[in-house]
Amino acid sequence: MAVRPLTGIIQCPTLRRDGSLLDAEGYDETTGLVLVNSLKMPPISANPPRGDAEAALALLNKLLLGFPFVDEASCAVALSMILTPVLRAAMEVAPMHLVTAPRPGTGKSYLADIASMIATGDRCAVKAASPNAEETEKRLVGAALSGRPIIALDNCRDVLQGDFLCQVTERPLLELRALGKSDQHRIPNTFSFFANGNKIAVADDMVRRTIRCAMDANRENPEVRKFKSDPLTMIRANRGKYVAACLTIARAYIAAKRPSPLPPLPSFEGWSAIVRDPLVWLGCPDPVATMETSRNEDPRGADRHALFDAWKLAIGVGRDRAVLTAEIVDTFAARDTDLRDALLAVAPQRLGKGKIDPKALGKWLSSQEKNIAASCKLMVDRTNKAWPKWYLDLVS
């Protein structure tokens with residue numbers, strides 16, 4: 001007997017990638033998903049009109065009363081957090097949803113609880129972020145191997161970046177190895193990835209993989225606030241109504257022949273078509289617009305911009321101004337304080353405060369080859385493979 005592939009386990013009805021409704025409990029041949037603990041839902045029209053979608057959106061918005069979103073785009077990201085886990089089967093991958101606030105107690109974890117309560121019937125199980133990036137990766141691998149529909153990284157600090165975070169948000173298939181084991185597991189990416197933290201930022205490649213919900217209660221102790229309603233109690237009382245609302249929004253957009261689609265977010269075309277476009281169609285701001293704020297706050301991008309800007313003034317631009325790594329440190333940084341400060345931000349010595357590490361700088365330069373900042377692209381002349389020379393080229 002042939003073994004049927006198991007893609008994942010879901011706890012609420014969803015949509016298949018063709019837009020059809022998956023609401024029968026048990027194994028679904030088309031998706032490889034198993035629907036368990038199904039729930040009663042109000043009837044959903046095969047072709048809901050726009051009015052039904054507007055009513056569904058208003059229902060979901062009532063859950064968000066009292067959350068201090070800094071702008072309407074952040075509210076759109078919160079709505080995407082609710083829709084994405086329910087509609088996750090209709091897309092290959094989904095962007096990370098990041099929730100940030102200046103103070104604890106603003107409602108970051110509570111928002112994840114609302115999304116999880118609708119999709120799974122339970123509050124959101126979270127993984128604590130570790131100060132050690134490798135330890136955080138181990139925790140995320142364990143969460144992915146557990147098959148949970150939502151992976152939530154709680155109380156993140158400083159900057160979110162790294163190869164594994166990029167993979168866990170963008171790659172449809174993952175090769176993972178459990179802690180202490182040697183065997184590899186090839187699993188489909190069927191989860192939604194949430195993260196939250198106080199004044200947290202994303203850097204480098206995670207910027208284009210992240211939509212950002214920002215909140216600010218504008219209070220010294222935001223945890224003492226009283227919410228205008230009790231969203232979790234509202235969902236527990238009639239969870240099927242909220243699942244149906246998510247499905248109605250997506251199906252109404254499909255029934256309307258997907259009007260005015262936005263240019264899809266690269267790598268996340270399925271999410272764009274089934275979550276982002278319906279929200280914008282219903283009058284919400286584009287949640288992808290929040291990426292611009294993340295890009296502006298990217299500390300790694302700021303470091304790159306500062307270094308390229310100082311380089312232009314201290315060394316110049318063009319292939320005829322190509323220099324060795326050692327020359328950058330010993331010649332130009334020695335006489336230009338702006339360049340030296342910029343170099344120290346990307347390649348400080350671990351021992352020896354205020355000194356630039358040439359080896360670390362060489363690695364940084366290699367990682368930044370052909371990157372653009374301050375209207376310049378970093379290039380390298382490898383005529384002598386043992387002694388590469390670096391230079392900036394102006395770009396329009």
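Points worth noting:
- Gain upon complete extension [ALA326, ARG4; 0.36 nm per residue less C-alpha separation]: 110.0 nm
- Taking 0.36 nm per residue of separation and subtracting the current Cα-Cα distance, fully stretching the chain between LEU39 and ASP338 would add 101.4 nm.
- Between LYS355 and LEU394, the C-beta separation translates, for a Förster distance of 22 Å, into a calculated FRET efficiency of about 0.10.
- Region 298-394 shape via C-alpha gyration tensor axes, a/c threshold 1.5: rounded
- Residue-averaged 222 nm ellipticity for the chain, from DSSP H runs of 4+ at -39500 (n - 2.57), nearest 500: -10500 deg cm²/dmol
- Stokes-Einstein D for the chain, Kirkwood Rh over Cα pairs, 20 °C, 1.002 mPa s (µm²/s): 93 µm²/s
- Spin-label zone in region 102-143 - amide nitrogen under 14 Å from a point set 7 Å from the Cα of GLU223 along the C-beta vector: 103-110
- Under the simplified labelling scheme, the LEU145-LYS370 pair shows an inter-label distance of 3.5 nm, with each label point 7 Å from Cα along Cα→Cβ.
- GNM top mover of ALA386, ALA46, ALA302 - the chain, alpha-carbon springs below 10 Å: ALA386
- Over every Cα atom in region 131-255, the radius of gyration and the widest Cα-Cα span, Dmax, amount to 18.0, 51 Å.
- Within the chain, the longest run free of exposed loop sites, counting GluC sites (Glu not before Pro) that sit outside DSSP helix and strand states (H, G, I, E, B) and have at most 15 other Cβ atoms within 10 Å, spans 30-219.
- Cα-Cα over 20 Å, subset of LYS62/LYS257; LYS363/LYS385; LYS312/LYS389; LYS62/LYS226; LYS127/LYS199; LYS363/LYS389: LYS62/LYS257
- Relative contact order, whole percent, for the chain stands at 19, derived from Cα pairs under 8 Å and 6 or more residues apart.
Bear in mind that the values in this text are calculations on the coordinates, not laboratory data. Since this is a predicted model, take the numbers as computed values, not measurements. Note: ideal-geometry Cβ built from the backbone for every residue, glycine included; neighbour counts use all protein chains shown.
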